[in-house]
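Undergrad: Here it is, the structure, as structure tokens.
The values are calculated or read from the model by the stated rules, or taken from the named source; none is laboratory data. These figures come from a predicted structure and were not determined experimentally. Cβ sites come from the backbone with ideal geometry, for glycine too, and all protein chains shown count toward neighbours.
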Amino acid sequence: MRAEILSVGTELLLGQITDTNAAYLARVLADYGVNLFFKQTVGDNTARIQMAVRLALSRADLVLMTGGLGPTEDDLTVEAVAGALGLPLRTDPAVVAHIRAFFEARRRQAPESVYKQALIPEGAQVIPNRRGTAPGVVISPGGATIVIMPGVPAEMKGMVEDFLTPWLRERTGGIVIRSRVLRVTGLGESAVEERIKDLLHLEAPTIAPYAKLGEVHLRLTAKAPPEVADAQLAAGEAAVRGRLGDLVFGTDSDSLEEVAGRLLLAAGKTVAVAESCTGGLIGDRLTNVPGSSVYFLHGVVAYSNAAKVTLLDVAPHLFEQYGAVSEPVALAMAYGAQRRAGSDLALGVTGIAGPTGGTAEKPVGLVYCALVDREGEAVQEWRFGSEAGRRGIKFLASQAALNLLRLHLLR
């Protein structure tokens with residue numbers, strides 16, 4: 001079965017709202033092994049809705065539509081689809097009765113315009129709306145199926161639960177599409193691809209890389225009966241991890257701060273951070289994790305040199321000899337945070353986030369991060385470049401610092 005999602009609403013084209021309905025429906029289709037090759041978005045215009053419907057029917061067996069079922073003049077979906085298929089509209093008495101009861105239960109008078117929602121294409125099936133007045137509509141032209149649902153997410157999801165998932169279950173024979181995302185950091189997309197190039201040609205599962213800021217995600221996808229799909233994903237994950245090792249830090253929704261937090265808990269270690277260019281972002285990310293108070297003791301944002309001296313006991317001569325953005329200052333910041341907090345581990349980060357302040361010797365994007373524990377120390381230099389912008393450089397620095405912490409705890 002091939003499906004297409006068609007979202008209706010000028011507000012979607014204007015970017016005024018995000019189309020969460022399409023993402024939800026895509027996940028439902030994947031759960032039942034239905035191939036989704038296209039999504040369309042069209043505004044509230046009869047001619048363009050009809051063009052979009054005809055295009056969808058030319059390449060899909062199942063068309064899922066959302067939006068444009070309300071009582072106002074710009075709610076045109078049902079009328080437009082009926083016109084595209086040459087179907088007259090008929091008033092459905094059951095829908096009229098539902099609308100009347102809906103308003104009476106709320107002791108409100110139903111405006112005449114709302115009864116527009118009772119106009120149903122001839123021969124179509126009605127999907128009752130438990131959460132509103134606009135019914136869903138199912139039409140079966142020429143062996144295809146069009147399912148039209150409201151754009152209100154709660155109403156649409158109710159119809160998915162009541163009608164669409166049972167309908168799919170009857171027709172898909174237990175096949176599912178399942179995906180797993182492996183999250184990689186510390187290596188760029190092209191370098192990751194080079195290490196797993198032959199694995200990208202697998203068919204069960206398929207593996208596709210895509211870049212995020214500070215990460216590379218590898219999406220593994222399998223289409224099969226549930227137990228077979230799970231086994232294919234497990235085998236694919238093992239193959240990727242065999243190539244990339246500790247570069248893979250998590251799966252699916254794992255964040256680097258969550259992974260680092262779990263490792264701190266498992267090791268019974270505590271951490272403190274001293275930040276300059278990241279402006280508290282590392283501490284913010286670590287403390288976004290519930291329960292982080294067990295291992296996160298102390299965070300200092302020491303932006304000026306004077307603050308580094310006062311709050312972290314950084315020796316003033318280090319600024320004169322090496323500059324604020326340097327290995328010695330990063331180390332001194334980390335040791336100062338560790339000493340003040342009494343923590344097992346500490347991070348110290350200093351750098352140039354830009355867009356100004358860089359030089360030929362110390363360009364924008366240069367960051368030093370020190371990690372100290374009770375047995376030793378390590379410092380890394382990163383050059384992120386200026387392309388990511390100020391916020392991007394701050395995020396990349398926080399990502400690299402958290403990864404340094406993670407790798408230290410692993411080893």
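One line per residue, one yes/no per condition, for (1) within 30 Å of Glu203 (Cα to Cα); (2) of a type in the set (Gly, Ala, Ser); (3) surrounded by fewer than 18 Cβ atoms within 10 Å (Cβ to Cβ):
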position: Arg130; (1), (2), (3): no, no, yes
position: Val138; (1), (2), (3): no, no, no
position: Gly142; (1), (2), (3): no, yes, yes
position: Val147; (1), (2), (3): no, no, no
position: Glu155; (1), (2), (3): no, no, no
position: Met159; (1), (2), (3): no, no, no
position: Asp162; (1), (2), (3): no, no, yes
position: Arg171; (1), (2), (3): yes, no, yes
position: Ser179; (1), (2), (3): yes, yes, yes
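Undergrad: Any residue in region 302-321 that's of a type in the set (A, V, I, L, M, F, W, C) and loosely packed, with under 12 Cβ neighbours inside 10 Å: show its pairings with residues that are modelled with pLDDT of 95 or more and not in a helix (DSSP H, G or I) at Cβ separation under 6 Å, as long as the two are six or more apart or on different chains.
TA: Cβ pairs passing all conditions: none.
Undergrad: To continue, here is another question. So if I check each of Arg219, Arg243, which one is surrounded by fewer than 17 Cβ atoms within 10 Å (Cβ to Cβ), touching a Lys or Arg at 6+ places or on another chain (Cβ under 6 Å) and at pLDDT 95 or above?
TA: Arg243
Undergrad: Looking at (1) within 21 Å of the chain's Cα centre (by Cα); (2) assigned to a strand (DSSP E or B); (3) in contact (Cβ under 8 Å) with a residue 40 or more places away in the chain, which one does Ala30 not meet, given that it meets all the others?
TA: Going through the list (1) within 21 Å of the chain's Cα centre (by Cα); (2) assigned to a strand (DSSP E or B); (3) in contact (Cβ under 8 Å) with a residue 40 or more places away in the chain, Ala30 breaks only (2).
Undergrad: Quick check, is Asn45 touching a Lys or Arg at 6+ places or on another chain (Cβ under 8 Å) and surrounded by fewer than 21 Cβ atoms within 10 Å (Cβ to Cβ)?
TA: No; evaluated as a whole, the condition is false for this residue.
Undergrad: Residue check: is Leu202 over 24 Å from the mean Cα position of the chain (by Cα), aliphatic (A, V, I, L, M) and surrounded by fewer than 18 Cβ atoms within 10 Å (Cβ to Cβ)?
TA: Answer is yes for this residue.
Undergrad: So if I check each of Thr278, Thr206, which one is over 29 Å from Ser343 (Cα atoms), hydroxyl-bearing (Ser, Thr, Tyr) and either touching a His at 6+ places or on another chain (Cβ under 6 Å) or outside the structural domain of Asp31 (by TED's automatic domain parsing) (or both)?
TA: Just one listed residue meets the conditions, Thr206.
Undergrad: Residues to consider are Leu281, Leu233, Leu256; find the one that is surrounded by 15 or more Cβ atoms within 10 Å (Cβ to Cβ), within 25 Å of the chain's Cα centre (by Cα) and over 30 Å from Asn305 (Cα atoms).
TA: Numbers: Leu281 fails: over 30 Å from Asn305 (Cα atoms); Leu256 fails: over 30 Å from Asn305 (Cα atoms).
Exactly one of Leu281, Leu233, Leu256 is surrounded by 15 or more Cβ atoms within 10 Å (Cβ to Cβ), within 25 Å of the chain's Cα centre (by Cα) and over 30 Å from Asn305 (Cα atoms), namely Leu233.
Undergrad: Given the criterion in contact with a Gly (Cβ under 8 Å, 6 or more places away or on another chain), within 25 Å of Arg411 (Cβ to Cβ) and in a helix (DSSP H, G or I), identify the matching residue among Gly261, Gly242.
TA: Just a single option satisfies the conditions, and that option is Gly261.
Undergrad: Right, something else. In this structure, is Val329 assigned to a helix (DSSP H, G or I), surrounded by 23 or more Cβ atoms within 10 Å (Cβ to Cβ) and touching a helix residue (DSSP H, G or I) at 6+ places or on another chain (Cβ under 6 Å)?
TA: Yes, satisfied.
Undergrad: Yes or no: region 201-214 includes at least one residue that is within 23 Å of Ala397 (Cα to Cα), of a type outside the set (A, V, I, L, M, F, W, C), touching a residue at least 60 places away in the same chain (Cβ under 8 Å) and outside any helix (DSSP H, G or I).
TA: yes
Undergrad: Something else now. Across region 141-178, what is the number of residues that are at pLDDT below 95 and of a type in the set (Gly, Ala, Ser)?
TA: 4
Undergrad: When you check Ala154 against the structure, is it among the small types (Gly, Ala, Ser), at negative phi and touching a helix residue (DSSP H, G or I) at 6+ places or on another chain (Cβ under 6 Å), yes or no?
TA: No.
Undergrad: Which count do you get for residues in region 294-318 that are over 17 Å from Leu256 (Cα atoms) and outside any loop (DSSP other than H, G, I, E, B)?
TA: Looking only at that region, the number is 17.
Undergrad: Collect the residues in region 346-398 that are of a type in the set (D, E, K, R) and either more than 20 Å from Val301 (Cβ to Cβ) or more than 29 Å from the chain's Cα centre (by Cα) (or both), keeping them in residue-number order.
TA: Hits for region 346-398 are Glu361, Lys362, Asp373, Arg374, Glu375, Glu377, Glu381, Arg383, Glu387.
Undergrad: When the residues of region 363-411 are narrowed to those that are buried (at least 23 other Cβ atoms within 10 Å of the Cβ) and hydroxyl-bearing (Ser, Thr, Tyr), which ends up farthest from Val184 (Cα to Cα)?
TA: Per the criteria, the residue is Tyr368.
Undergrad: Go through region 260-278 and give me each residue that's among the β-branched types (Val, Ile, Thr) and surrounded by fewer than 22 Cβ atoms within 10 Å (Cβ to Cβ).
TA: The one that is among the β-branched types (Val, Ile, Thr) and surrounded by fewer than 22 Cβ atoms within 10 Å (Cβ to Cβ): Thr270.
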